[in-house]
Amino acid sequence: MTWNKLQAVALDRDKRVSVVKGIANALFYMHHDCSQPIINRDLSSNNVLLDSNWVAHLSDFGTARLLMPDS
């Protein structure tokens, strides 16, 4: 797929649910499974990238913070 041929695609319910689950799983991983938890602080639809299989990936960690063990 090339960028000049991209078209808007309506996401059906199953794809939307899959995207939301992907975002939730990414946040859970960042908050609970990283050796030092990461708080994104800038989650928006602009910062969710979808690959060709509609898998969600989080981006833009410019305002992210590491959660210190004593906080």
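Every read-out reported here was derived from the displayed coordinates using simple, explicitly stated rules and does not represent laboratory data. Remember, predicted model here, so these are calculated numbers, not experimental data. FYI the Cβ positions are ideal-geometry reconstructions off the backbone, even for glycines, and counts take in every protein chain you see.
Numbers for the structure displayed
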{"read-out": "Alpha-carbon centroid distance for the pair the stretch 33-71 / the stretch 7-28, whole angstrom", "value": "15"}
{"read-out": "Cα-based helix-to-principal-axis angle, 13-28 vs the chain, degrees rounded to 10", "value": "20"}
{"read-out": "Computed helical MRE - 222 nm, the chain, DSSP H runs ≥ 4 contributing -39500 (n - 2.57), nearest 500", "value": "-7500 deg cm²/dmol"}
{"read-out": "Convex hull projection area averaged over all views, the chain, Cα basis, nm²", "value": "6.0"}
{"read-out": "Unit charges at the beta carbon, dipole of the chain: most positive-side option, 67, 43, 10", "value": "10"}
{"read-out": "3J(HN,Hα) from dihedral phi, the stretch 57-65, Karplus parametrisation 6.51/-1.76/1.60, rounded to Hz, x for glycine, proline", "value": "10, 7, 9, 6, 9, x, 9, 5, 10"}
